[in-house]
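Have a look at the structure below before the remarks.
The numbers here are math on the coordinates, done by the rules we state, and not lab data. In this text the structure is predicted, and so the values were computed from the model without any measurement. Cβ coordinates were reconstructed from backbone atoms using ideal geometry, including for glycine residues, and neighbour counts include every protein chain displayed.
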Amino acid sequence: MSTDAQGQSSLRVLQRDRSTEPLKVFCGHCGRSPDNESEADSRVCTKCGLGLMLQAPADAAPGPSDPFLVVDGALTICAVSRIAERLLEVSETEAVNRHVAEFLVPADAESSSGESLASLLAWAARGETPSAQVVIRPANTFGVRYWARVGPCGPPTAALLVLADAR
């Protein structure tokens, strides 16, 4: 760590250059990608008419059959996909503006990896982490596990949590 002429720390966060990573555009409700350029320029999905068009790194982005949630930096749910609504048995209107831990929690409370669901989501919401995988479960439900991909998405910058069956 270095100091400047006034004796203050010159520490700063270094961000990975993501300009070369391929991005995928998808609907925040149905998960579908646009078929052509004019659909890609639309702010709202032209297929379902309900979701905003978002983008994420291709390795983290959901497909149309993937359940997913969009979570902001305060770990508040911003969007729930149509398939996640069915999987979690909650409507998007009931879930939005509520803390993600009301619905999903880490499956392994004693994980030795050092990375919790909350920290992965917080880093992803700032766009400062590559995609990662974590095992989670529905809150207040035991015996059900899901693999989840966590990565950044936007605009605006948020975290994307894509659920899959436990392996």
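Dividing the Cα radius of gyration of region 23-165 by its Kirkwood radius returns 0.95 for Rg/Rh. Net charge near His29, counting Lys/Arg +1 and Asp/Glu -1 over other residues with Cβ under 10 Å of its Cβ? Neighbourhood net charge equals +1.
Between amide H atoms placed 1.01 Å from N, distances below 5 Å from Gly154 occur with Gln55, all of them 5 or more places distant or on a separate chain. When Trp147, Trp123 are arranged by Cβ crowding within 10 Å, least crowded first, meaning fewest neighbours, the order is Trp147, Trp123. Taking θ as phi - 60° and the Karplus parameters 6.51, -1.76 and 1.60, the scalar couplings of region 86-94 work out to 5, 5, 8, 6, 8, 7, 4, 5, 7 Hz in sequence order, x denoting glycine and proline. Taking 0.36 nm per residue of sequence separation and removing the Cα-Cα distance, the Trp147/Ser42 pair yields an extension gain of 34.7 nm.
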